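Worksheet for the structure shown next.
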Amino acid sequence: MSYLVYVAGFGVAVTYFLWVRDARILLRTGLPGYRAAAYHGVLYATLALIALNVTLAWDEIVGLGLVLLALYLQGREKREKVFSGAEPALDRFLGKAPQRKDKERG
């Protein structure tokens, strides 16, 4: 087992993180671009998990390529602009989007 297995595992973790981030922004804003990104994120996270299994059981290069494909496809989803750039980087990283007035609970 080489270091490529760890790289593939990190890629799977990043894929899941991006999926959860899109879902969090969807729940806070309700924007249709993030809805599509969250729904497609399920497929991309599944592809990444299958790729990790390919990496462990069959071929590391093919599995790593599939993980990179999942990350590439997840990054190509069209999303609306939610952040203005004035927010702290940690808030943007974690997907703490401003909640829309019609989405507020209360």
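Each value in this text was obtained by applying a stated rule to the coordinates, not by laboratory testing. What you see is a predicted model; the values in this text were computed from it and never measured. With ideal geometry, Cβ positions are generated from the backbone for all residues, glycine too; neighbour counts draw on all protein chains shown.
Tabulated data for the structure shown
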{"item": "Normalised alpha carbon radius of gyration of the range 1-50 [divisor 2.2 N^0.38 Å]", "result": "1.31"}
{"item": "Within-12-Å neighbourhood charge of residue 80 [Cβ basis; K, R +1; D, E -1]", "result": "+3"}
{"item": "Scaled radius of gyration (Cα, divided by 2.2 N^0.38 Å) that the chain gives", "result": "1.22"}
{"item": "Pair residue 58, residue 92: separation of 7 Å Cα→Cβ label points (nm)", "result": "3.9 nm"}
{"item": "For the range 3-96: relative contact order, % (alpha-carbon pairs under 8 angstrom, 6 or more apart)", "result": "35 percent"}
